[in-house]
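A short worksheet on the structure shown next.
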């Protein structure tokens, strides 16, 4: 037999109601959609005689989608997304947030901003405008960069190897000379040896190689 009490309550619900609080046959509290309510359920009423309801799905409301106000704005949004996806800091953080390369990218970004501020300061100075605010911003950027550089050096020194030191460069040069001598002694053609060392020199001077070495040193590999 249909539950006439439930039917009467449901017939008088506002149109925006999506869920209603009920007690099931075991007196367990449930939130059901109007179509899910069973004859064995008891709709729970408040003191004013109205049921407990939800106007929408339970849980956190979905974040509203904000559409660009114009075609130009839409193009800017897409350009910003593309720029962020190509950002080396974000890429490194997403791939390996613990990588030493993150610090290198941040230092490079701060250095770029400091150079940009220097250009802006010189332009204002040339035009006779006040440059004090720009100078303060640039000094703060340089201070941050200097602090990061010294901390990086301290970490490398604590590991017992500074890849930027003259001692490391001398050791690397000596190892390369030893390898080259043995390659020639083994009968390899001089042109092939020079080609190999030319490629090695290019790799060893790159920031990517240095960053990878720092990661290996940090991991102890």
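Using C-alpha pairs under 8 Å with a sequence gap of at least 6, the mean separation divided by the residue count of the chain gives a relative contact order of 12 percent. The separation of the range 19-44 from the range 114-159, counted between C-alpha centres, amounts to 65 Å.
Calculated mean residue ellipticity at 222 nm for the chain: -20000 deg cm²/dmol, from DSSP H runs with n ≥ 4 weighted as -39500 (n - 2.57), summed, divided by the residue count and rounded to 500.
Of the residues 130, 203, 48, which exhibits the maximal mean-square fluctuation in a Gaussian network model of the chain defined by a 10 Å Cα contact cut-off? It is 48.
Among 188, 200, 54, the largest mean-square fluctuation in a Gaussian network model of the chain, built with springs joining Cα atoms closer than 10 Å, belongs to 54. Go ahead and set up a Gaussian network model of the chain, Cα springs under 10 Å, then flag whichever of 122, 11, 75 fluctuates most. It is 11.
Which shape class, rounded, prolate or oblate, goes with the range 4-54 when its Cα gyration tensor gives a ≥ b ≥ c as root eigenvalues, a/c under 1.5 marks rounded, and past that a/b bigger than b/c marks prolate?
Since a/c stays below 1.5, the shape of the range 4-54 is classed as rounded.
None of the figures in this text is laboratory data; all of them are computed from the coordinates on show. The structure presented is a predicted model; accordingly, all values stated were derived computationally and were not measured.
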